[in-house]
């Protein structure tokens, strides 16, 4: 079952909802926030909403070797940082990622090539979250999340990776609503116009990996159908398969 939306953000009411979300952010923290900055649309919108709220925000870029340079994500992040004068740090997570990559010859499993690759790339968001929480603890801040409703609905996030946070202002916003706020908040065009990518590997884009567009996912969330029965089936399969990511941790209660 998908979450029902009680509001829709469009160009006409963007100023209203940007203000409402900013006020909500301000209520959630008195000590400031840390945000993992990938140069993508979601984290850029979350950063600008924190700025609108007048919250003390610090951005942390966490490349794994040259991955952010190769995809121009670093350039895009710096465009936002320089335009709006954000404070930031950069930490290379590659040594930590390599330390956690178990040698294949020691693994007693028959996982398949794709799942083996995904298990490796999912180390990165989990390491990034560990860095963010250490930075947050050292500086008495909270970690702000950036996953949107479209991603959460189909489980397109890493459990205990980018899905982990102290609070999330985008959790009930579809991808199209994030774009609407991005335009209102004057996020640089190079960020708005690029194809969404989790940066999991060279050339990766979200929509090519998913086999569907964010517009189709958003339509399914709002209207109950993407307009294509086969795409609806794929979305429903992803919703069912990823239910464990959205559910609270089960506890044995006796």
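Yes or no: the stretch 197-209 includes at least one residue that is at pLDDT 95 or above and more than 19 Å from residue 10 (Cβ to Cβ).
So far as the stretch 197-209 goes, no, none of its residues is at pLDDT 95 or above and more than 19 Å from residue 10 (Cβ to Cβ).
What are the pairs, 6+ residues apart or on separate chains, where a residue within the stretch 13-30 that is over 15 Å from residue 177 (Cα atoms) has its Cβ under 9 Å from a residue that is modelled with pLDDT under 95 and surrounded by fewer than 15 Cβ atoms within 10 Å (Cβ to Cβ)?
none
Just checking, how many residues over the stretch 146-160 are surrounded by fewer than 17 Cβ atoms within 10 Å (Cβ to Cβ) and within 18 Å of residue 93 (Cα to Cα)? Even if it seems obvious, please write down each step before you answer.
To start, the set of residues in the stretch 146-160 that are surrounded by fewer than 17 Cβ atoms within 10 Å (Cβ to Cβ) comprises 159-160.
Subset that is within 18 Å of residue 93 (Cα to Cα): 160.
Going through the stretch 146-160 one residue at a time, the tally reaches 1.
Please find, among 45, 143, the residue that is surrounded by fewer than 21 Cβ atoms within 10 Å (Cβ to Cβ) and under 14 Å from the mean Cα position of the chain (by Cα).
Answer to the check: 143.
Take the residues in the stretch 57-90 that are in contact (Cβ under 8 Å) with a residue 24 or more places away in the chain and loosely packed, with under 15 Cβ neighbours inside 10 Å; name whichever of them is farthest from the chain's Cα centre (by Cα).
Selected residue: 83.
Find the residue count for the stretch 222-238, including only residues that are in contact (Cβ under 8 Å) with a residue 24 or more places away in the chain and crowded, with 20+ Cβ neighbours inside 10 Å.
Number satisfying all stated conditions: 1.
The values are calculated or read from the model by the stated rules, or taken from the named source; none is laboratory data. Please read all numbers here as calculations on a predicted model, not as lab measurements. Please note: Cβ atoms are built from the backbone with ideal geometry, for glycine as well, and neighbour counts cover all protein chains shown.
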